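Peer 1: Following this message is one structure expressed as structure tokens.
FYI, it's all coordinate maths here, none of it is from the lab. Everything quoted here is computed from the prediction, not taken from an experiment. Glycine gets a Cβ as well: all are built from the backbone with ideal geometry, and neighbour counts include every protein chain shown.
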Amino acid sequence: MGPTMTLVAQRLALGILLLFLVSILIFVGTLILPGDVAQSILGQSATPEALANLRAELGLNEPAVTRYFDWLGGVLTGDLGTALTNGRDIAEAMGTRLSRTLFLAFWAAVVAVPLAIFLGLLAVRYRDRWPDKLISAITLSTISIPEFLIGYVLMYFVGVKLGWAPTVANIHDGMSLGQKLHTIALPVAVLTLVVLAHMMRMTRAAILNVMQSAYIETAELKGLPMFQIIWKHAFPNSIAPVVNVVMLNLAYLVVGVVVVEVVFTYPGMGQYLVDHVSKRDLPVVQACGLVFAAVYIGLNMIADIVSILANPRLRHPK
Amino acid sequence: MRDQLNYYAARVSAGLMSRREFMGRAAALGMTAALANTMLSSAVRAAGPQKGGTIRVGIQGGGSGDSLDPAVAANATMTMILRMWGEPLVELAAGGGLDGKVAESWRSSPDARIWTFKVRQGMTFSNGKPVTAEDVLATIERHSGEDTKSGALGLLRDIKSMSVDGDEFTLELGSANADLPYLMADYHLIIQPNGGKDDPTACIGTGPYVLKSADMGVRLVFERNDNHWNGDGNASTIELIVINDDTARVAALQSGQVDMVDRIPPRTAGLVDRAPNITVRKTSGPGHYVFIAHTNTEPFSNPDAMMALKYGMNRQEMVDKILFGYGSVGNDTPINAAYPLYTELPQREYDPDKAAFHWKKSGLDQPVLLRTSDNSFPGAPDAAALFQQSCNAAGVPVEIKREPNDGYWSEVWNKQPFCTSYWGGRPTQDQMYSTAYLSTADWNDTRFNNAEFDKLLIAARAELDEGKRKQMYADMGMILHNTGGLICPMFNDFLDATSDRIAGWDESPGFGLMNYYAPIQMWVAG
């Protein structure tokens, strides 16, 4: 296992380095946003004295490099600072929001991943026949429509016309799990539709690739049923690419939900970020950016490691 | 027939029949829609407010960065939160004038410089402590102090001294102000124990509701305060749900997740009103959309260029195409019939010939640059394009620069010489003019500087004779109409919507949703 551990360690180190680079990008990005922070906080009624006071208070008069390292130092010790707009501790406020986003992502994944893989297997089983074409057509059209539009369409037909699910996914602590799941039914459906095609097509392609191999032909000649060949013999060998794309989509479920959260007024990270971007609350924006980046890099790293472990050829590089 | 309709109306108010069905039956009996509507609302009122139940409000504006401190309230959600748990000294009354809230009565010295407010007897805060004149003083002090961040500071700058005598609170102003009580109705000026100096975000006040839970920018729950001094408030629970997306807000109302929503986009108001069990509520108010030019900057310092632009504006077209008819035409002053002491001025119409004449006379040939953005008012880029077309038809060249929403209020508005913007209006003419047209005002976004106008404005404050004051405001309006940098094409209506589940809507001055009091004053029907 020696070389494997080294590889994993290498991946981890690379991930951390990447996160560090991203933190620089985020910091620079927030610097070049139009408008002055102090002015944005105080609004149109700001007097010059109040502006000067606030700038000094926020340390805006210090050079950017100093501010960056102050910030980075805080982040490394777990202190994300306080929100400029209402003075609340960011780590605390973000904790609740992040847990809600993860809750939504988790249930979307619980629905989407098995469904995508099952549909992928089904598509392979009936390759080039009508079930395959139907599955591809539907999933490709849902991925091609912008998610806010799918959201509005579902909201109108399922929420308003049929009245099956709430159009506002406003979950709060007083709800039971069942109530929460009912409340988030529509956003989960939208997210599922958005990520389905990618995973489904990848599963299909990866398995079809394996299906060309000689050992599958042997299995077929042995007289095994088609679905068993796919599930037991082809699927394990195509896990690496499938895991890769699943991870990518999981990451999307966490960091890409901004639009869906805003459309369904789901009180998660996405909406938190949007609220604070519009108010120029830079510490919050930076913290959100960093968390999103960490989730993205983390999940991709897991995908890398899993595909290395799943593939002996990658485990022992020449 | 009348009996039959009365019976139906009673059924509607008891929640046994929908408003739509009632209107249909009334029409079948040969009654006009307007009459049927009047009859219905009187029946609902006659049935009287029902106590109990939950009213859920879908409201926009809130964000997770909001604070509960009244001093920094700056959006619809925060204002409505304040209405729930707190009360100012006075509030705008339904038929014009003012109602006393924390103040039982008020009076001024003959020169309108010293004002005395008597605190209501036996009133208590929601924490049980009695309300004293000292609390009022501390509140006003907190909002007018040197280092305050209060949004009401601009209104309170002129205070010279404050004092308390028993249950009376006295304000001495630096100069006369006949409108001072109106300023005390400002939504920031919620009376708090010790002025909120101990904890401004405690939400302890004299309002009809008390805060139960708050997730800022998401959801706030209030419960009825049974000890309220005049028993205001009908529902036992009020839930404010922040829904900033227009489509989602309307969908939430349609699917019955909320009972009322604010700010229906004019574009879809007609469609929303057609939905069963939903009524769009139109409130005409002082809010207006503006094209503002700095009168101290070329080419707008040239009176003929300014006049050419004013004649180049097709106001009726703006009301029809930008407001979809939910509004009224402006007349290049910020004042309309929503203000007390209003005088109608001759209406300026779109006149390409006059526009061309003034443009030629100005001797300019460079196009005029107009800046606009989506958030300067709903439909602003479209309005700018319409303005460009109507000006071009008169030979007045206008160029449009689209600015990003981000930073529009800090980088473009009140900085660039010509841009689109909006004003929410103020309760009195004096306040509106003092906020944006007095030459020394912070928010003088047209850089308007007219000595006669300033003189009239100051003189009107000390004038307690209403007839004379009205004439002074008419003269000021005329000066601004002719020489100002303000092009005001339209006054926008507040558009809200309520479902049939709740009743008790009434006309109200001030903001939309019955000046944000709708959740308190309406009730769950049937």
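Peer 1: Under 5 Å between amide H atoms, partner at least 5 residues away or on a different chain: which partners does B:Glu403 have, H built in plane at 1.01 Å?
Peer 2: B:Thr372, B:Ser373
Peer 1: Next question, about the same structure. Would you please name the chymotrypsin sites (Phe, Trp or Tyr not before Pro) within region B:426-526 that are DSSP coil residues with at most 13 other C-beta atoms within 10 Å of their C-beta? Could you put the intermediate results ahead of the total?
Peer 2: Numbers: sites: B:Tyr433, B:Tyr437, B:Trp443, B:Phe448, B:Phe453, B:Tyr473, B:Phe491, B:Phe494, B:Trp505, B:Phe511, B:Tyr516, B:Tyr517, B:Trp523; in loops: B:Tyr437, B:Trp443, B:Phe448, B:Trp505, B:Phe511, B:Tyr516, B:Tyr517.
For chymotrypsin sites (Phe, Trp or Tyr not before Pro) across region B:426-526 that sit outside H, G, I, E and B with at most 13 neighbouring Cβ atoms in 10 Å, the list is empty.
Peer 1: What list of ³J(HN,Hα) values in whole Hz, one per residue of region B:386-399 in order, does the Karplus curve 6.51 cos²θ - 1.76 cosθ + 1.60 (θ = phi - 60°) give from phi, with Gly and Pro shown as x?
Peer 2: For region B:386-399, the Karplus-derived couplings read 4, 4, 4, 4, 5, 6, 4, 4, 9, x, 9, x, 10, 10 Hz, x marking Gly and Pro.
Peer 1: Still on this structure, please answer the following. Where in chain A are the DSSP H helices whose alpha-carbon span along the long axis reaches 20 Å or more and whose Kyte-Doolittle mean is at least -0.5? Can you show the working numbers first?
Peer 2: On the way: long enough: A:2-31 (44 Å, 1.92); A:90-125 (50 Å, 1.52); A:130-144 (21 Å, 0.61); A:185-211 (37 Å, 1.57); A:239-255 (23 Å, 2.16); A:282-310 (41 Å, 1.91).
Going by DSSP H runs, the hits are A:2-31, A:90-125, A:130-144, A:185-211, A:239-255, A:282-310.
Peer 1: To continue, here is another question. Only sites in a loop by DSSP and with at most 15 other Cβ atoms within 10 Å count here; which chymotrypsin sites (Phe, Trp or Tyr not before Pro) in region A:131-210 make the cut?
Peer 2: Counting only loop positions with at most 15 other Cβ atoms within 10 Å, the chymotrypsin sites (Phe, Trp or Tyr not before Pro) in region A:131-210 are A:Trp164.
Peer 1: May I ask you to work out the translational diffusion coefficient for region B:214-342 at 37 °C, viscosity 0.692 mPa s, via Stokes-Einstein with Rh from the Kirkwood sum over Cα pairs, reported in whole µm²/s?
Peer 2: 174
Peer 1: Per residue, what volume in Å³ does the convex hull of the Cα atoms of chain A enclose?
Peer 2: Convex hull volume per residue, Cα atoms: 184 Å³.
Peer 1: While we're here: Cut-off 19 Å, label point 7 angstrom out along Cα-to-Cβ of B:Asp304: give me the residues of region B:327-361 whose amide nitrogen falls inside.
Peer 2: Inside the label zone: B:351-361.
Peer 1: Just to be sure I follow the definition: excluding the sites themselves, where is the longest run in chain B that has none of the GluC sites (Glu not before Pro) in a DSSP loop with at most 15 other Cβ atoms within 10 Å?
Peer 2: Looking at chain B, B:147-343 is the longest stretch - no exposed GluC sites (Glu not before Pro) with at most 15 other Cβ atoms within 10 Å.
Peer 1: Averaged across B:144-155, how many Cβ atoms of other chains sit within 10 Å of each residue's Cβ atom?
Peer 2: 2
Peer 1: Nearest 500 deg cm²/dmol is fine: what mean residue ellipticity at 222 nm does the protein assembly as shown get from its DSSP H runs of n ≥ 4 alone, each adding -39,500 (n - 2.57), divided by its residue count? Intermediate results must be reported in sequence, preceding the final value.
Peer 2: On the way: 33 runs with 400 residues, N = 844.
So the helix-based figure for the protein assembly as shown works out to -15000 deg cm²/dmol.
Peer 1: On average, how many beta carbons from a partner chain sit within 10 Å of the beta carbon of a residue in B:72-83?
Peer 2: 1
Peer 1: Same structure again: Please give the FRET efficiency for B:Asp199 paired with A:Glu92, using the beta carbon to beta carbon distance and R0 = 22 Å, rounded to the nearest 0.05.
Peer 2: E(calc), rounded to 0.05, equals 0.75.
Peer 1: I've got another one for you. For chain B, with only Lys/Arg (+1) and Asp/Glu (-1) charged at the beta-carbon, what is the dipole magnitude about the Cα centre, in debye rounded to 20?
Peer 2: It works out to roughly 1260 debye.
Peer 1: Quick check on packing: order A:270-282, B:374-386 by the mean number of other C-beta atoms within 10 Å, highest mean leading.
Peer 2: Top of the packing list down: A:270-282, B:374-386.
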